[in-house]
Amino acid sequence: TAQSTWGYSFLSTLHIDLMQMVGLDSHSTSANSGKLFLGGISWETSEDGLRQHFSKYGNIVDCVIMSDPQTHRPRGFGFVTFDDPKAAIFAAREQFQMIDGRRVE
């Protein structure tokens, strides 16, 4: 049916997008495999806090919260990189994460 075809198409596209995002597509050899963008991070959240929160999905090799180069204040976004791209897929399956009382996407 059209509805089931559309649903399959949408889910297939989402699956492909997730796979490409974490570097699992057949064309990617990026060293950034397993890297997730995190938006909406609270100014109170530390890199250690992010690392602790996301470590439930797998081993983290890098965790950074971007800051303004002049004021050194957090900019509200960052990145977590896992050693295994599959861990990034598991983390990305969550629609959002609650960290320090804030919805992080």
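The values are calculated or read from the model by the stated rules, or taken from the named source; none is laboratory data. What you see is a predicted model; the values in this text were computed from it and never measured. With ideal geometry, Cβ positions are generated from the backbone for all residues, glycine too; neighbour counts draw on all protein chains shown. Heads up: the accessible areas ignore ligands, DNA and RNA and are worked out on the full protein's heavy atoms, side chains in. Shrake-Rupley method; radii C 1.70, N 1.55, O 1.52, S 1.80 Å.
Screening residue 55 on (1) surrounded by fewer than 14 Cβ atoms within 10 Å (Cβ to Cβ); (2) of a type in the set (Gly, Ala, Ser); (3) modelled with pLDDT of 95 or more shows it passes everything except condition (1). Which of the residues belonging to the range 60-95 are farther than 16 Å from residue 35 by Cα and of a type outside the set (Asp, Glu)? Within the range 60-95, 67, 69, 70, 71, 72, 73, 74, 75, 76, 95 meet the criteria. Within the range 66-75, not a single residue is closer than 17 Å to residue 92 by Cα and of a type outside the set (D, E, K, R).
Take the conditions (1) on the phi < 0 side of the Ramachandran plot; (2) modelled with pLDDT under 95; residue 34 misses just one of them, which is (1). The residues of the range 92-105 that are surrounded by 14 or more Cβ atoms within 10 Å (Cβ to Cβ) and more than 18 Å from residue 46 (Cβ to Cβ) amount to a single one, 92.
Candidates in the range 29-46 are the residues that are open to solvent by less than 50 Å² (accessible area, probe 1.4 Å) and polar (S, T, N, Q); of these, the one that is farthest from residue 98 (Cα to Cα) is 33. Only residues that are more than 15 Å from residue 103 (Cα to Cα) and in contact with a helix residue (DSSP H, G or I) (Cβ under 9 Å, 6 or more places away or on another chain) were counted in the range 47-78, giving 8. Take the residues in the range 96-105 that are assigned to a strand (DSSP E or B) and touching a strand residue (DSSP E or B) at 6+ places or on another chain (Cβ under 7 Å); name whichever of them is nearest to residue 37 (Cα to Cα). Once the filter is applied, the top-ranked residue is 104.
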